[in-house]
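Novice: Dropping the structure in here first, questions after.
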Amino acid sequence: MPRREGRRHDRHRHDRHDRARRRHAPARRGRSSAGTAVVTPRGAARRAIVLDAARQIEDQLAGRGAAVPDAVLDPSGARPGRAPDLVVVGEGARPDGRGHWAWPDLEAVLEVVPAAGPHGGFAERLRRYAGHGVPVCVVVDPAEGVCTVHSEPRPAGAYHLAERIPFGEDLPVQLPGLTLVVATGGFPREPA
């Protein structure tokens, strides 16, 4: 009898851990295609876009900076927030002892809009990036199949220019002294 209770206790302990793991795992979304259910991990498009863009940017930078996914930014002077999907930092830039990147080191930020849910958080992020003087912020929307390049930041927390580039066209990212060209033809679309 004690042995069964021990197993039951272990089973409950594992169930609790499984529930916690499922709660933090990416949500899954189903869609039907010709009567077949297709389940894709939520955020798969985001990961593919970030990895593809980072690879292309690194190749073009050729050691004159770096593309850093999920970079933790220095929270001084601003309330801490979520890490950007991808940042481009200038040559010689290094994170501090806590792994935080300094705002002046950022030359560009790339963010991927989530397929579902409100997009209101992106307006706040754009204000934050512009207010800190990040020269370029690219917002990628896989549901719409478009990238928006925001440039010429204003101290009040807004970008002066915004250019929309559909998937399939080259995405120019103007950095100080260098224009990167990111091919968007391989960026996956995600249902809205």
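Readers should treat all values here as calculations from the given coordinates under stated rules, not as data from a laboratory. All values reported here derive from a predicted model rather than from experimental measurement. Heads up, the Cβs are rebuilt from the backbone with ideal geometry, glycines too, and the neighbour counts pull from every protein chain shown.
Novice: What does the net charge come to around residue 162 if you take all other residues with beta carbon closer than 13 Å to its beta carbon, with K and R at +1 and D and E at -1?
Specialist: Values: positive: 154, 164; negative: 141, 152, 163.
Once all neighbours under 13 Å are counted, the net charge is -1.
Novice: When you have a sec, figure out the Kirkwood radius of segment 84-192 from all distinct Cα pair distances and drop it here in Å to one decimal? Mind showing how you got there, number by number?
Specialist: Working: mean 1/r = 0.0689 Å⁻¹.
Radius from the Kirkwood sum: 14.5 Å.
Novice: Beta carbons within 10 angstrom, averaged per residue: use that to sort the peptides 91-100, 66-75, highest first. Intermediate values should be presented prior to the final figure.
Specialist: On the way: 91-100: 11.2, 66-75: 18.0.
The densest-packed peptide leads the list: 66-75, 91-100.
Novice: Using the Cα gyration tensor of segment 133-192, with a ≥ b ≥ c the square roots of its eigenvalues, what is the shape: rounded (a/c below 1.5), prolate (a/b larger than b/c) or oblate (neither)?
Specialist: oblate
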